[in-house]
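Trainee: Structure in structure tokens, see below.
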Amino acid sequence: MLKLFDPRPKRSRGELFDRVGELEALERHVGGGTPLVLVVGVRRIGKTSLLLSFLEGKRGVYVDFRGVETLAELYARLSQGLSSGLDRLRDALAGIRGVSVMGVEVSLKWRGEDSISLAGLMEEVDRRGGAVFVFDEVQGIGRNLAGRVKRALAYAYDNLRNTVVVLSGSEVGMLRGFVGIDDPSSPLYGRYMGEVPVERFSRDLSLEFLRTGFREAGVEAGRDVLEAAVDLFDGIPGWLVHFGLRYLEGSELGDIVEEAVALAAEELRKLGPRERAVLRAIAEGHGTWSSARRRAEELIGATIPQSSMTAIVGRLERLSIVRNYEFLDPIYRRAAARLRP
Ligand SMILES: Nc1ncnc2c1ncn2[C@@H]1O[C@H](COP(=O)(O)OP(=O)(O)OP(=O)(O)O)[C@@H](O)[C@H]1O
Ligand SMILES: [Mg+2]
């Protein structure tokens, strides 16, 4: 049975490798009554694993907002989140209008009489003792739902004393924008928020991670290949798991890297042509605004206005792909070097 190299997010402290400091920081915030906490880090760094493990044994609700576009989807995810935390939430949900518990499932009504809003749900749970609400990847939520969620957050911040909201996301700048930390017109502007950054593992910890995973699988992997893998995947646990799994299946390091780069490229191809061109320019080593712009113009065969260039770089930073003309994940740099604008 795979444990450490299980590709799904870890769900308990027993499964989680390290993250002692992050768990402590979360405990401090929640214990100290910080109403809103951000947990941020690049893709595959282990945010979801950290949060699910943190909620183990707590009254908590974990909701994944990735890809949610409609109200029906929003409520489906909420209901999933409540259902999986039901063991500890049963009392907190009893007698709330619009919420019914059927066996092991929580069903929510969002329209008509007896319906319940997100803010209303949080308020009722708060009145019954409160909970930790974890909203993962909320920055990507459909535009017409964003206002609803933001208003619920602002309401919870101001009024609910037993509720802690933890927001998490891989597009760090987008998440900050969603919350409106720097936006005077946002209801949450200027409020105090806790922040827990999730960083990559050190080189030693990454090696330990791989050794532990292989030991569990009863396989001895050579020091050289482990060091090469850690050099390539740079302490990002999601990639280390990908490497471990594939290596156990008999793949060669080169092919495993190729597969990771292909995954990253698939994500980057969703960007617009000018963004792709700028990314490729940065991947080729163009480390300044003007040099990246010149190269990107060459790649697309058209001029890029100054203001557009600045906007593109800003967006790539908010998506946590680059910072100061450097990639945050070496696999994405490799993928970007091959992008066709
Ligand atoms: N601390 C950890 N211990 C063990 N496995 C981990 C740890 N952190 C991450 N992983 C593994 O790495 C992979 C990615 O983790 P996870 O999904 O939690 O990251 P994430 O930051 O939420 O990713 P994404 O940005 O894609 O949502 C999973 O296979 C998970 O099991
Ligand atoms: Mg995640």
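All of the numbers you see were taken from the coordinates with simple rules; none came from a lab. Only a predicted model underlies this, so the values are computations on that prediction, with no experimental measurement involved. Ideal geometry is used to build each Cβ from the backbone, glycine not excepted, and the neighbour counts take in all protein chains shown.
Trainee: Most exposed first by the Cβ proxy, i.e. fewest other Cβ within 10 Å, how do Thr212, Thr163 rank? Display every interim value, and only then the final one.
Mentor: On the way: Thr212 15, Thr163 21.
Final ranking by Cβ density, sparse to dense: Thr212, Thr163.
Trainee: Given points 7 Å out from each Cα along the Cα-Cβ axis, report the Arg88 to Asp182 separation in nanometres with one decimal.
Mentor: For the pair Arg88/Asp182, the computed spacing is 3.5 nm.
Trainee: Still on this structure: Order of Ile96, Ile236, Ile181 from fewest to most other C-beta atoms within 10 Å?
Mentor: By the 10 Å Cβ count, ascending, the order reads Ile181, Ile96, Ile236.
Trainee: Another question about this same structure. What translational D, rounded to a whole number of µm²/s, comes out for the range 94-250 from Stokes-Einstein when the hydrodynamic radius is the Kirkwood one over Cα pairs, at 37 °C and 0.692 mPa s?
Mentor: Using the Kirkwood radius from Cα pairs, D works out to 171 µm²/s.
Trainee: Which ordering of Leu240, Leu121 is given by a fewest-first count of other beta-carbon atoms within 10 Å? Each step should come with its number before you reach the end.
Mentor: Values: Leu240 28, Leu121 21.
Starting with the residue having the fewest Cβ neighbours, the order is Leu121, Leu240.
Trainee: Only Cα pairs within less than 10 Å get springs; with that Gaussian network setup on the chain, which residue of Gly41, Gly285, Gly301 has the largest fluctuation?
Mentor: Gly301
Trainee: Compute a Gaussian network model of the chain, connecting alpha carbons closer than 10 Å, and tell me which residue from Ala156, Ala94, Ala283 fluctuates the most.
Mentor: Ala94
Trainee: What Kirkwood Rh does the range 20-197 have if only Cα atoms enter the pairwise 1/r average? Answer in Å.
Mentor: Its Kirkwood hydrodynamic radius stands at 16.3 Å.
Trainee: Continuing with this model, one more query. Cross-link list Lys58/Lys150; Lys47/Lys150; Lys109/Lys270; Lys3/Lys109; Lys58/Lys109; Lys150/Lys270: which exceed 29 angstrom alpha carbon to alpha carbon?
Mentor: Flagged as over cut-off: Lys109/Lys270; Lys3/Lys109.
Trainee: When every alpha-carbon pair in the range 271-337 is counted, what percent end up more than 17 Å apart?
Mentor: That tail contains 27 percent of the Cα-Cα pairs.
Trainee: What is the range 1-145's relative contact order, in percent, from Cα pairs under 8 angstrom and six or more apart in sequence? Before the final figure, lay out the partial values.
Mentor: On the way: 172 pairs, mean separation 38.6, N = 145.
Relative CO of the range 1-145 lands at 27 percent.
Trainee: Taking R0 as 41 Å, what's the FRET efficiency between Val20 and Trp289 from their Cβ-Cβ distance, rounded to 0.05?
Mentor: 0.55
Trainee: Say each of Arg318 and Arg340 gets a label point 7 Å from the Cα, pointing the same way as Cα to Cβ; how far apart are those two points in nm?
Mentor: Taking the simple label geometry, Arg318 and Arg340 are separated by 3.0 nm.
Trainee: Evaluate E = 1/(1 + (r/R0)^6) for Arg203 and Leu248, where r is the Cβ-Cβ distance and R0 equals 22 Å; express this FRET efficiency to the nearest 0.05.
Mentor: Rounded to the nearest 0.05, the efficiency is 0.50.
Trainee: Taking the Cα-to-Cβ direction at Gln80 and at Arg143 and moving 7 Å from each Cα, how far apart do the two end points lie in nm?
Mentor: Using points 7 Å along Cα→Cβ, the separation is 2.5 nm.
Trainee: Determine the calculated [θ] at 222 nm for the chain from helices alone, applying -39500 (n - 2.57) to every DSSP H run no shorter than 4 residues and normalising by the residue count; nearest 500 deg cm²/dmol.
Mentor: -16000 deg cm²/dmol
Trainee: How compact and how long is the range 203-266, expressed as Rg and Dmax of its alpha-carbon atoms in Å?
Mentor: 10.9, 33
Trainee: Quick one: among Val172, Val196, Val20, which has the greatest mean-square fluctuation in a GNM of the chain with alpha-carbon springs under 10 angstrom?
Mentor: Val20
Trainee: Could you grab the relative contact order for the chain? Cα pairs under 8 Å, six or more apart, rounded to a whole percent.
Mentor: Once normalised by length, the contact order is 19 percent.
Trainee: Separate question: What is the Cα coordinate range of the chain on the first, second and third principal axes, sorted by size from largest, in whole angstrom?
Mentor: Projected onto the principal axes, the Cα atoms of the chain cover 60, 56, 33 Å.
Trainee: So what are the ³J(HN,Hα) numbers for the range 203-216, from phi and the Karplus equation (6.51, -1.76, 1.60; θ = phi - 60°), rounded to whole Hz, Gly and Pro as x?
Mentor: 4, 5, 5, 5, 5, 5, 4, 5, 4, 4, x, 5, 4, 4
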